[in-house]
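Reading through the structure tokens given below for one structure.
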Amino acid sequence: MHQRNQQLNSSLFQHDEQKENFIDLEMLFAALRRRAWLIALITALGLALGVAYLLVTPPVYTAVTRILIDEELAKFTQEEPPVANSMRTDSMILSEVEILRSARLARTVVLAEGLHENEVFLNPPQAPVAWLKSSVKAALRVFTPSKPAQTGASAEEAAIGKATALLQRYMSAERVGRSFALEVSLTAYDPKLAGSIARAYANAYLSDQLEANFDATQRAMVWLQSRLDELQQSSQAAALEVETFRAENGLTAASGELLSEQQLSDLNNQLILARAETANARARYEQYKSIIESGPENAVRNATIPPDQPNSTLINELKSRYLTISSRAADIEARFGEEHPQLINLHREQAELERQIFSELQQLTESYRNEYNVALAREESLGGNVGTMADESSQTGRAMVRLRELEQRSTTLSNLYQTYLARYEEASQQRSLPIAKARVISEAENPVGPSSPSKTMVLALSLVLGLFAGGGVAVLQEFRERFFRTGEDVKDALGLKFLGYLPLLQGAARRGKNSGSKPEGEKAITISPAILRVTKDAPGSSFAETMRNARLSADLVLQGTSSKVIGFVSVLPDEGKTTAAANFACLAAASGAKTLLIDGDLRHRGLSRSLSGTPGGGLAEAVMGEKHWPSYVRIDRSMHLAILPANGKHFAHTSELLSGPSMQRLIEEARRMFTYIVIDLPPLGPVIDAKAFEPMADGFIVVAEWGATPRALLRSTLQSDRRIASKTIGVILNKADMKKLSRYAAPGGAEGYMGRYGAYYGDRFE
């Protein structure tokens, strides 16, 4: 069984450790429920502030227009559109946004709409924050030197400047996503004024683009005109210098070339042709020369005469006859032999033809030799002329270098002049084209409703901020919660046993049912008020049940002690220790045990003052030895309770009285007479009376006020009074608000279910 309990305790501790590693939502919700009224109050306050803000804040209207930057509008005026890239596009769009935000464009709109004379625009209704700022600035102007009053043009310029600054504040321009569209927003306190200014802004932007293009073109034309004049003069001077240099150096040109160059070129061509003819003539001459040198017979047999040569027909006819005769001779010789007379005649005729052909070939070879000599002489002549012309050309080479330099300069200046002239004509044409690279794609309309303040947004934001503020204050109070609320707080902070709650007594509990009863005899007394005898008047109440638990705990702790001396203490005054001590004593006496209730608070004497019909004298006098202490004891016969009050003289050194030998003898004598000796002691802390009485006490019951006694204070007090802490039976939380107690209960704690036990309590005063 013992091992099983150890395992159960181990599992419980592990469960607690696991819970500490996570946020306990139930505890969080319980804390929110405890502070629900505070959260609701702050939320309502936030909502009220939102409503007040809506009531005092003037409505603002916003008009929106959109402008598209469209490069395609001017494409027909450009020869080649610029190459687009993302960086250039972004830079261009951002530049247009800055133009829209510029003070120059704002000033143009101010003058176009007459805003510097519009009081509604210049002096709009102010929100509370703006009004407060303006009031502070006006107050500060008292301490600054006043500026001289402005009149005439300076006053008008100041009004224009103010209107321009206000317009820049009320206007916003931004790019729509990654598109080429620009959104221009204008806020004003008048919807018509907002729409009018937004439209004027779009028109001013388009006009500004046209004027910018016109001004840029005009400035370009002026500059181009002056540049054209300079280039024209420079080009003419360069051309004149070229012609002068050509004339001075005889560099006359025809068909784009110099005459000397043309002559040299012609001679070179003729020389080339002459060399070709010479080579051709020499080849023919050498060929026929070799034929002649081979002998008549071989010459006749190998000679081939081109048809375009002189005597070619005669030679060819002779050669044809020669071949025919040779063929007949060979035929006759083959038939009739070499001696045939016809063969002889044919040989003779053949020899004659051979002689004639050879003679003609000799003449032809001679003519080829003459042609070769003529061609060679012509080649030599042309070669000499080319050399002469080359010498002359080399002399003009240096002049040609300078001439070409002058011609290049003249050509460059002429081309540059033509380029600038074309640009000038292009700019002249574009100046008259009223084309802007933008267009309005969404014209501003007069807004039909205010853009701010948004009622839904303000109320929702006020509600949310109120909730957050309430939650924050609630969390702050929860973190600042340093008082005892539940029994778990007692166990966690002090490590002591928790004895129960004493509810806050009001109404009938304080008046009591028998408050008007009379004394029974001379020494019979009535405890008044009835708050000190709740356990007797309401024995079935939760108050009495807590006192029973305290008595049971005292009996268990002090088991074996025949007479128990129990002291009731608290850490602060007015925590209800007197009420708890009196009711504990009443409960013990009502059970038949002989009980003595001692008022040990010699400085405050709260118990003694509540007793009626009590003669002078009490504990202090008994300790001082004036009379034996039973002489000062009063008996409440209705509860069979003996009470030793503290009425009488006041003493400064009460701790010596409570710790002296006389007090020890009193307690020892009382132990022999009573089962329970309950003593109401002064609060712990600066007062040391309880410490002085500690050696005579068997146990202490600490009374702490619910929701009022700081945990740290009671813990530090008990830590400093170790002997009292070691004898502490338990802690009672007094003046508990039982209706609110469940709010502070831990998840699954007993406090959360106390309402279900109402049927078990007879008289419920809480």
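The values are calculated or read from the model by the stated rules, or taken from the named source; none is laboratory data. Treat the numbers as computed from the prediction; the structure is a model and nothing was measured. Here the Cβ is made from the backbone with ideal geometry for all residues, glycine too, and neighbour counts use every protein chain on show. Just the protein is used for accessible areas: all its heavy atoms, side chains included, with ligands, DNA and RNA removed. Shrake-Rupley method; radii C 1.70, N 1.55, O 1.52, S 1.80 Å.
Conditions tested, residue by residue: (1) open to solvent by less than 40 Å² (accessible area, probe 1.4 Å); (2) among the basic types (Lys, Arg); (3) at pLDDT 75 or above.
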| site | (1), (2), (3) |
| --- | --- |
| 298 | no, no, no |
| 307 | no, no, no |
| 315 | yes, no, no |
| 321 | no, yes, no |
| 351 | no, no, yes |
| 369 | no, yes, yes |
| 375 | yes, no, yes |
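Can you say whether residue 717 is among the hydroxyl-bearing types (Ser, Thr, Tyr), open to solvent by less than 40 Å² (accessible area, probe 1.4 Å), farther than 22 Å from residue 585 by Cα and at pLDDT 70 or above, as far as the supplied structure shows?
Criteria met by residue 717.
Return only the number of the condition from (1) in contact with a strand residue (DSSP E or B) (Cβ under 7 Å, 6 or more places away or on another chain); (2) of a type in the set (Lys, Arg); (3) at pLDDT below 90 that residue 513 does not satisfy.
Among (1) in contact with a strand residue (DSSP E or B) (Cβ under 7 Å, 6 or more places away or on another chain); (2) of a type in the set (Lys, Arg); (3) at pLDDT below 90, the lone unmet condition for residue 513 is (1).
Mind listing just one residue for me: the one in segment 401-421 that is of a type in the set (Ser, Thr, Tyr) and either open to solvent by 60 Å² or more (accessible area, probe 1.4 Å) or at positive phi (or both) and, of those, farthest from the chain's Cα centre (by Cα)?
Ranking the qualifying residues of segment 401-421, first place goes to 411.
Out of all the residues in segment 622-672, which are open to solvent by 80 Å² or more (accessible area, probe 1.4 Å) and basic (Lys, Arg)?
Selection gives 627, 637, 649, 665, 672.
Is there a residue being over 60 Å from the mean Cα position of the chain (by Cα), farther than 24 Å from residue 557 by Cβ and modelled with pLDDT of 85 or more anywhere in segment 672-686?
So far as segment 672-686 goes, no, none of its residues is over 60 Å from the mean Cα position of the chain (by Cα), farther than 24 Å from residue 557 by Cβ and modelled with pLDDT of 85 or more.
What number of residues within segment 596-621 are of a type outside the set (Asp, Glu) and surrounded by fewer than 24 Cβ atoms within 10 Å (Cβ to Cβ)?
15
Looking at segment 640-749, what strands (runs of 3 or more DSSP E) fall wholly within it and have at least 1 residues that are of a type outside the set (A, V, I, L, M, F, W, C)?
Per the criteria, 676-680, 699-705, 728-736.
How many residues are closer than 22 Å to residue 482 by Cα and in contact with a helix residue (DSSP H, G or I) (Cβ under 9 Å, 6 or more places away or on another chain) if we restrict to segment 713-730?
Within segment 713-730, residues that are closer than 22 Å to residue 482 by Cα and in contact with a helix residue (DSSP H, G or I) (Cβ under 9 Å, 6 or more places away or on another chain) number 9.
For residue 465, which of the numbered conditions (1) open to solvent by 70 Å² or more (accessible area, probe 1.4 Å); (2) at pLDDT below 85; (3) within 28 Å of the chain's Cα centre (by Cα) fails to hold?
Here residue 465 meets the rest and fails (2).
Return the total of residues in segment 543-561 being free of Cβ contacts under 8 Å to residues at least 40 places away in the same chain and open to solvent by less than 20 Å² (accessible area, probe 1.4 Å).
So the count comes out to 0.
Scan segment 204-217 and tell me whether some residue there is among the hydroxyl-bearing types (Ser, Thr, Tyr), in a helix (DSSP H, G or I) and at pLDDT 80 or above.
Yes, the conditions are met somewhere in segment 204-217.
Examine segment 562-582 for a residue that is open to solvent by 10 Å² or more (accessible area, probe 1.4 Å), within 29 Å of residue 710 (Cβ to Cβ), of a type in the set (D, E, K, R) and part of a helix (DSSP H, G or I), and state whether such a residue exists.
yes
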